[in-house]
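The structure appears right after this line, and notes come after that.
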Amino acid sequence: MLGRRVLRARTLPGITQEIYALLTVYQAIRIAIADTTLTAPGTDPDRASFTTALQAARDQVIQAAGIIAAETIDLAGTIGRHILASLLPDRRLRVSPRAVKRPLSRYAYKSLRVDRRTYQATISIDILTNPPSP
């Protein structure tokens with residue numbers, strides 16, 4: 001949401017205020033996404049793009065267009081129309097749950113109690129000599 005920018009506040013109360021502002025905007029956009037998917041029956045909320053909703057909300061704030069509501073309030077609104085125009089494809093079904101695969105550490109063999117003395121090692125040395133020169 002910040003677009004790679006850092007928080008501007010230099011005091012702890014200012015940082016707290018900015019974080020609460022970001023969380024409030026995030027929740028407002030999520031509510032707009034949920035309301036929009038309710039207007040289109042059978043639409044999964046996971047298909048709505050947060051990025052599209054954020055850009056539409058930014059455009060609404062910058063342009064200050066449509067800030068005065070008409071007699072009839074549209075549940076989807078301008079942000080909702082942008083969301084419905086660019087729905088994401090259906091998600092694939094998960095067959096197996098997510099699992100974190102961690103590689104074994106090079107040092108994990110001590111904890112596994114692997115006895116390395118039982119392995120047979122073969123060492124061979126070949127001595128090569130140069131033939132005498134004539």
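Quick look at the numbers
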item: Rounded to the nearest 20 debye, dipole of segment 12-85 from Cβ charges on Lys, Arg, Asp, Glu; result: 120 debye
item: Which of T129, T39 has the fewest Cβ neighbours within 10 Å, and the rest in rising order; result: T129, T39
item: Segment Y26-Q60, extension gain: residue separation times 0.36 nm, minus the distance between their alpha carbons; result: 10.7 nm
item: Under-5 Å amide H pairs with S49, H placed in peptide plane, nonlocal only; result: L88
item: Over 21 Å [Cα-Cα, segment 12-85], rounded percent; result: 33 percent
item: Least to most buried among I33, I83, I127, I62 (fewest other Cβ within 10 Å first); result: I127, I62, I33, I83
item: All Cα pairs of segment 1-49, percent lying beyond 16 Å; result: 54 percent
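Taken together, the values in this text are just the output of simple stated rules run on the coordinates, not laboratory data. Source: prediction; values computed, not measured. Because the Cβ atoms are built from the backbone with ideal geometry, glycine has one as well, and the counts that use them run over all protein chains shown.
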